Every structure is written in C-alpha cells, then in structure tokens.
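Peer 1: Quick one: structure below, then a few questions.
The values are calculated or read from the model by the stated rules, or taken from the named source; none is laboratory data. Not measured: the values here are computed from a predicted model. Here the Cβ is made from the backbone with ideal geometry for all residues, glycine too, and neighbour counts use every protein chain on show.
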Amino acid sequence: MPKEVDVKLRRSEFVDAVWRVIRREGLSAATLRRVASEASCTTGALTHYFSNRHALLVQALRAAHFTAGARMMEAARQVKGDLKRLETIVLEALPLDAERMREWQTHLAFWGEASANERLREENARRFREWAAVLEHYLRPIIPRPEARRREAVLLMGLIDGLALRLLLHGRAGDRIHAPASEIVADVRFYLRALQRRTLSRRRTRRQASANSVS
C-alpha cells in the first residue's frame, strides 16, 4: 500500500523550508527548486502542493501572520485589564526575542519584494487589514469612538513597525538581542498610558461640554 501522507504537515514543512531559505539567502533565493532542495525533495513533489512560487510565498506569508497572531492572542488571554492586554499584544508584536526576530526578518523580505510585485502587495495589504482589526479590537474598551479607534490603530502600527526596525537594524549581533529591550518596553508603556490619559481627558471634556449645553 502507498504510504499515507499528512497533507497539512507536508505543506507546513515546505513553508518552514521557505522561511529558512529566506532568512539565510533572501526572498529572491526562494525559488521552487531551492525550496525543494531545502525540504529534501524534488521540485515535482513541491509543485504537487503548491502550483507555483507565488502560491508558496503567499502561504508562507499567511502562515507567518497566523503563527504570530495565535501567539499574541494566547499571551493576551493570560493577563487582566484592558490596557494590559493591549500592551501585551503590542509587545508580542515586537522582535524582542530570537523567534520574533526571525519573524520580522521574514516580514522585511516580503515587504521588499512586494514593492515590485502586485499580487504580493495585495496579499500583504490583506494582512495589514487583519492586523489593524486586531489592534482595534483591543483598543475598543479604551477608545469607544470608532473613527478615533481606527486612527489610533494606524498610529500603533506605525509605532510597532518603527520600534521593530530599530531592533532589527541596531539591536542584533548574531543570535543575541543587544538592543535595550527594557527601554523599548518602557517606551511602549509610556505611549499607551499617555493614550489612556488623552482618552480620559477627552471624555471629561465632552461630558463637561454636554453638561454646559444642558444648563
């Protein structure tokens, strides 16, 4: 009898091979032939699961976002308090350990190729919309107004990307994280607490204006 193949596991193995190639050699090196070699199989075996390079890269991008998202949600479930949960999500999104550093290296590789690849750019845009929705979900208890919440999610995404780039470009030597992680954490906490204070101040101002109009 032919050996039964776990399709989900095999696809996952190919995605892992893509990540390894990208991190070592860059995204341009992640050809079907190179990935098949990394996975110790033939190109024909790889194309049985992914019809072309684009399909393989899209799956790798989706898997990276799914893995990071699942980790964030689990971390957020472990803490109490609206602001603390938001803080946990933001910090989990940053490359503060070796695993997340590798994730961000993959992100940067995709961003570089997406700038000249319309299909990858569209896929990346979908991932950004999903990420914005996650941030808006955790912002909702803090910022009740939808438009203000949407804007803050965009600002948070910018903050996360900027801090991540700082860590990637200035904070790594080999497999060790040399950037002042405690400083990054302190900056995130400062920003979120300032956000909370601004929101509370606006609420008080609106309540006072409403009371004055009634009187």
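Peer 1: Show me the helices (runs of 4 or more DSSP H) entirely contained within region 93-198 in which 3 or more residues are farther than 23 Å from residue 20 by Cβ, of a type in the set (Asp, Glu) and out of contact with any strand residue (DSSP E or B) (no Cβ under 6 Å at 6 or more places or on another chain).
Peer 2: 118-139, 146-170
Peer 1: Any idea which of (1) free of Cβ contacts under 8 Å to residues at least 60 places away in the same chain; (2) hydrophobic (A, V, I, L, M, F, W, C); (3) closer than 23 Å to residue 183 by Cα; (4) surrounded by 18 or more Cβ atoms within 10 Å (Cβ to Cβ) is the one residue 75 doesn't satisfy?
Peer 2: (4)
Peer 1: Residues that are at pLDDT 90 or above, assigned by TED's automatic domain parsing to the domain that holds residue 66 and touching a Gly at 6+ places or on another chain (Cβ under 8 Å): does region 183-192 have at least one?
Peer 2: No, that holds for no residue.
Peer 1: Which one is surrounded by the fewest Cβ atoms within 10 Å (Cβ to Cβ), of the residues in region 27-43 that are farther than 21 Å from residue 103 by Cβ and polar (S, T, N, Q)?
Peer 2: Looking at residues that are farther than 21 Å from residue 103 by Cβ and polar (S, T, N, Q), I get 40.
Peer 1: Shifting gears a bit: Being buried (at least 16 other Cβ atoms within 10 Å of the Cβ) and of a type outside the set (Phe, Trp, Tyr) is the filter here; which residues of region 44-57 pass it?
Peer 2: Scanning region 44-57 gives 46, 53, 56, 57.
Peer 1: How many residues does region 84-107 contain that are surrounded by fewer than 16 Cβ atoms within 10 Å (Cβ to Cβ) and of a type in the set (A, V, I, L, M, F, W, C)?
Peer 2: Going through region 84-107 one residue at a time, the tally reaches 1.
Peer 1: If a residue has to be hydrophobic (A, V, I, L, M, F, W, C) and closer than 24 Å to residue 14 by Cα to count, how many in region 73-115 make the cut?
Peer 2: Number satisfying all stated conditions: 8.
Peer 1: Can you confirm whether region 171-179 contains a residue that is surrounded by 12 or more Cβ atoms within 10 Å (Cβ to Cβ), closer than 30 Å to residue 52 by Cβ and of a type outside the set (Phe, Trp, Tyr)?
Peer 2: no
Peer 1: Now, a different point. Do you know which residues across region 31-55 are closer than 15 Å to residue 7 by Cβ and either within 28 Å of the chain's Cα centre (by Cα) or assigned to a helix (DSSP H, G or I) (or both)?
Peer 2: Answer for region 31-55, where residues must be closer than 15 Å to residue 7 by Cβ and either within 28 Å of the chain's Cα centre (by Cα) or assigned to a helix (DSSP H, G or I) (or both): 39, 45, 46, 47, 49, 50, 51, 55.
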